[in-house]
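Asker: My structure is below; once you've seen it, I'll send some questions.
The values are calculated or read from the model by the stated rules, or taken from the named source; none is laboratory data. The model shown is predicted, which means the values in this text are computed figures rather than measured ones. Positions of Cβ are generated from backbone atoms using ideal geometry, with glycine treated the same way; all protein chains shown enter the neighbour counts. Keep in mind that these areas ignore ligands, DNA and RNA; they rest on the heavy atoms of the full protein, side chains included. Shrake-Rupley method; radii C 1.70, N 1.55, O 1.52, S 1.80 Å.
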Amino acid sequence: MFSKILIANRGEIALRIIRACHELDIEAVVVYSEADKDAPYLQLADESICIGPADSAKSYLNIPRIISAAEITDVEAIHPGYGFLAENIHFAEVCRECGITFIGPPVEAMQLLGDKIRARELAHKVGVPVVPGSDGALEKDSDALELANEMGYPVIIKAAAGGGGRGMRVVHNDINLRSAFSSASAEAKAAFGNGTVYLEKFIVEPRHVEVQIMADKKGNALHFYERDCSIQRRHQKMIEESPCPILDKRTREQLAEAALRIIKEARYDNAATVEFILDEEKEFYFIEANTRIQVEHPVTEMVTGHDLIKWQLKIAAGEPIKLSQRNIKHTGVAIECRINAEDPERDFAPSPGTITRYIPPGGPGVRIDTHVHQGWTVSPSYDSMIAKVIVHQKTRTEAIATMKRALREFVIEPIKTTIPVCLDILSHNLFVKSKIDTGFVERNF
Ligand code: ADP
């Protein structure tokens, strides 16, 4: 096992990783920007090192500074968390060249699965259904037009390098296709340095269901069941739960098995999420694989009792997973609500500022993953997610009741948060019946 690692991230996930390190007797070094210099989790780390100003390009995304911090502190490995450099192939390569273990998959597996077009091809090759769409990249808008007419609208244009919903456009007719093609490509080029796009049939009113995988360096790969992440706004997840309430046993097994086939074919190790969409007939289609730990990993931890960050650390250090699939049990129901510093009444505009009153919820079945506290200033420089509330109960009805009770207890003032909208969703009759799809939030709120 490692004796010292560096965490190349901030906020709740940095704190989450520090906690896992300490339970495994690993020293944790955390990097921070000037905007985060007062974060209390820096005190919990064994060492902390400033890597630049608030602007992420000059700090959390600055590879030379992070590598220098790793060298100065003499760590054996770097955990990238999620976001920032977590899926940056160049960063993983630099780590390898510097003799530092990247706590994530091998570079080759990142290259393969990080390119959504190559990942689609791989899924197809191993017999996993993919959404009907283009064979590889689309060169010109006229090719997109031809294919869209052949398949019929609506279609979705997606970026090969996409993430966070960027470079994605839903198109309903010929008139909008050309502009959507060029704007998706330009957005992807600006965000990822790669403007390659492809096209898929837009599945109407699907559910988003994803499978959590852990694989070790010896070729063992296990699934940790699925999460339903259909509560989304602008293709961004808001509420996640496990298990997916509408899956029958057979589909659940098929989904997990399909995810494992993709991961094994990619010669993957460490944590992965294989994402699918489920149509009205409950047919599933692969959409992408994420080569990192996900924001929503706690729901899986609650229902399986496994600490996924500890698994990431152990696997990266070369430990085999000495478990069989049968040993991974699923108990009860877990739900997570992402609490964002956003104003739902102003179209979810960011709501940064100082928190003057902060009272977190607690009690049975409640877990809070956050780095914020009374007096903390939410910076406009970073993602607006400031906390995650996770509940675990025996049944979905009880889990919803616990979540509503926890959210009502949660005081974060005076900034605006997504707590009220989460409460409205949880109280909605269709959510209670789980008659939801990825368009539910936009249609109803
Ligand atoms: P990103 O990597 O940018 O998050 P994804 O490929 O994971 O993009 O898609 C994000 C969300 O967009 C999905 O959860 C789903 O809601 C929606 N989506 C993606 N592809 C399709 C599709 N072909 N049909 C319908 N919805 C889709």
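Asker: Just to be sure, is GLU187 of a type in the set (D, E, K, R), assigned to a helix (DSSP H, G or I) and either within 14 Å of the ligand (Cβ to nearest atom) or buried (at least 20 other Cβ atoms within 10 Å of the Cβ) (or both)? Please lay out each step first, then the result.
Answerer: On the way: of a type in the set (D, E, K, R): yes; assigned to a helix (DSSP H, G or I): yes; either within 14 Å of the ligand (Cβ to nearest atom) or buried (at least 20 other Cβ atoms within 10 Å of the Cβ) (or both): yes.
Here the answer is yes, as GLU187 does meet what is asked.
Asker: Which condition number in (1) within 26 Å of LEU199 (Cβ to Cβ); (2) under 25 Å from the mean Cα position of the chain (by Cα); (3) not assigned by TED's automatic domain parsing to the domain that holds SER59 is the one that GLU108 fails?
Answerer: (1)
Asker: Separate question: Given THR304, THR377, which one is more than 30 Å from LYS201 (Cβ to Cβ) and over 23 Å from the mean Cα position of the chain (by Cα)?
Answerer: THR377
Asker: Let me ask you something else. Based on this model, can you work out whether GLY165 counts as of a type outside the set (Asp, Glu), surrounded by fewer than 20 Cβ atoms within 10 Å (Cβ to Cβ), part of a loop (DSSP other than H, G, I, E, B) and more than 13 Å from the ligand (Cβ to nearest atom)? Lay out the reasoning, then the answer.
Answerer: Working: of a type outside the set (Asp, Glu): yes; surrounded by fewer than 20 Cβ atoms within 10 Å (Cβ to Cβ): yes; part of a loop (DSSP other than H, G, I, E, B): yes; more than 13 Å from the ligand (Cβ to nearest atom): no.
No; evaluated as a whole, the condition is false for this residue.
Asker: Here's another thing I want to ask about it. Find the residue count for the range 198-217, including only residues that are away from the ligand (no atom under 16 Å from the Cβ), out of contact with any Gly (no Cβ under 9 Å at 6 or more places or on another chain) and not in a strand (DSSP E or B).
Answerer: Residues meeting the conditions: 0.
Asker: Report, by residue number, each residue of the range 310-349 that is more than 22 Å from GLY219 (Cβ to Cβ), touching a strand residue (DSSP E or B) at 6+ places or on another chain (Cβ under 9 Å) and not small (Gly, Ala, Ser).
Answerer: First pass over the range 310-349, keeping only residues more than 22 Å from GLY219 (Cβ to Cβ): 329-349.
Narrowing the set further to residues that are touching a strand residue (DSSP E or B) at 6+ places or on another chain (Cβ under 9 Å) leaves 330-343, 348-349.
Result: HIS330, THR331, VAL333, ILE335, GLU336, CYS337, ARG338, ILE339, ASN340, GLU342, ASP343, PHE348.
Asker: I would also like to ask the following. Do the conditions hold for PRO245, that is, is it away from the ligand (no atom under 16 Å from the Cβ) and surrounded by fewer than 19 Cβ atoms within 10 Å (Cβ to Cβ)? Walk me through how you get there before you give the answer.
Answerer: Details: away from the ligand (no atom under 16 Å from the Cβ): yes; surrounded by fewer than 19 Cβ atoms within 10 Å (Cβ to Cβ): yes.
Yes: the conditions hold for PRO245.
Asker: Next question, about the same structure. Can you give me the number of residues within the range 1-35 that are of a type in the set (Ser, Thr, Tyr) and surrounded by fewer than 20 Cβ atoms within 10 Å (Cβ to Cβ)?
Answerer: Total meeting the criteria: 1.
Asker: Continuing with this model, one more query. Look at HIS392 and say whether it is in contact with a Phe, Trp or Tyr (Cβ under 6 Å, 6 or more places away or on another chain) and assigned by TED's automatic domain parsing to the domain that holds SER230.
Answerer: Numbers: in contact with a Phe, Trp or Tyr (Cβ under 6 Å, 6 or more places away or on another chain): no; assigned by TED's automatic domain parsing to the domain that holds SER230: yes.
No.
Asker: Among the residues of the range 112-141, which ones are away from the ligand (no atom under 16 Å from the Cβ), part of a helix (DSSP H, G or I) and modelled with pLDDT of 95 or more?
Answerer: LYS125
Asker: Residues of the range 168-184 being assigned to a loop (DSSP other than H, G, I, E, B) and within 10 Å of the ligand (Cβ to nearest atom), which ones?
Answerer: MET168
Asker: A further question on this structure: Within 16 Å of ASP383 (Cβ to Cβ) and without any contact (Cβ under 8 Å) to a residue 24 or more places away in the chain: is that true of ALA57 in this structure?
Answerer: In short, yes.
Asker: I would also like to ask the following. What residue, among those in the range 57-101 that are part of a helix (DSSP H, G or I) and acidic (Asp, Glu), is surrounded by the fewest Cβ atoms within 10 Å (Cβ to Cβ)?
Answerer: Per the criteria, the residue is GLU97.
Asker: Ok, one more. Look through LYS237, LYS189, LYS201 and report the one residue that is within 23 Å of ARG166 (Cα to Cα) and under 16 Å from the mean Cα position of the chain (by Cα).
Answerer: Answer to the check: LYS237.
Asker: Which number in (1) buried (at least 21 other Cβ atoms within 10 Å of the Cβ); (2) at pLDDT below 95 marks the one condition that GLY104 misses?
Answerer: For GLY104, the failing item is (2).
Asker: With the range 326-445 as the region, which strands (runs of 3 or more DSSP E) entirely inside it contain at least 1 residues that are under 20 Å from VAL295 (Cα atoms) and open to solvent by 30 Å² or more (accessible area, probe 1.4 Å)?
Answerer: 333-340, 366-370, 385-393
Asker: Need the failing condition index for GLU265 against (1) more than 16 Å from the ligand (Cβ to nearest atom); (2) open to solvent by less than 10 Å² (accessible area, probe 1.4 Å); (3) not β-branched (Val, Ile, Thr), just the number.
Answerer: Among (1) more than 16 Å from the ligand (Cβ to nearest atom); (2) open to solvent by less than 10 Å² (accessible area, probe 1.4 Å); (3) not β-branched (Val, Ile, Thr), the lone unmet condition for GLU265 is (2).
Asker: Just for the range 142-151: of the residues that are within 14 Å of the ligand (Cβ to nearest atom) and open to solvent by 20 Å² or more (accessible area, probe 1.4 Å), which one is nearest to ASP115 (Cα to Cα)?
Answerer: LEU147
Asker: Taking ALA159, is it touching a Phe, Trp or Tyr at 6+ places or on another chain (Cβ under 8 Å) and within 15 Å of the ligand (Cβ to nearest atom)?
Answerer: Taking the combined requirement at face value, the residue satisfies it.
Asker: Kindly establish whether LYS314 is touching a residue at least 60 places away in the same chain (Cβ under 8 Å), in a helix (DSSP H, G or I), in the same structural domain as PRO245 (by TED's automatic domain parsing) and touching a helix residue (DSSP H, G or I) at 6+ places or on another chain (Cβ under 9 Å).
Answerer: no
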